[in-house]
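A short worksheet on the structure shown next.
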Amino acid sequence: MMLTNRARQTSTSCYKRLLTNDLVLVMGHKNAKIGDTNDNYESIMGTHGLGRMNDNGQLFKDFCLETDLVIGESIVPHKTKHKVTWVSPDHTV
């Protein structure tokens with residue numbers, strides 16, 4: 001299920017209403033694949049993602065960039081089997 005532009009705007013709007021001292025964890029990121037390259041996203045992610053980025057991954061990266069959030073799982077290296085929480089219908093990661 002791909003996030004719509006309206007859903008992304010709602011998420012961003014809700015996030016911006018939080019207090020600056022709040023700890024924010026974003027969970028359930030709509031099957032986003034962020035990929036393993038961080039070109040133009042160095043401030044929000046590392047190079048330890050997996051596979052190729054999909055459309056939801058692009059939306060998730062843009063949301064994180066816009067809201068100054070960091071994709072923590074991409075910063076520290078992990079074994080490949082620990083990077084994947086689901087397998088897409090086409091069996092790619």
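Rounded to the nearest 10 degrees, the angle from helix 5-16 to the longest Cα principal axis of the chain is 60 degrees. Here the simple spin-label model places points 7 Å from the Cα toward Cβ, and for LEU65 and TYR15 these points are separated by 1.2 nm.
With R₀ set to 35 Å, the beta-carbon distance separating HIS82 from ASN5 gives a calculated FRET efficiency near 0.60.
Can you pull the semi-axes for the chain, root of five times each eigenvalue of the Cα gyration tensor, sorted largest first, whole Å?
Equivalent-ellipsoid dimensions as semi-axes: 22, 16, 12 Å.
No value in this document is a laboratory result; all are computed from the given coordinates. Treat the numbers as computed from the prediction; the structure is a model and nothing was measured. Cβ coordinates were reconstructed from backbone atoms using ideal geometry, including for glycine residues, and neighbour counts include every protein chain displayed.
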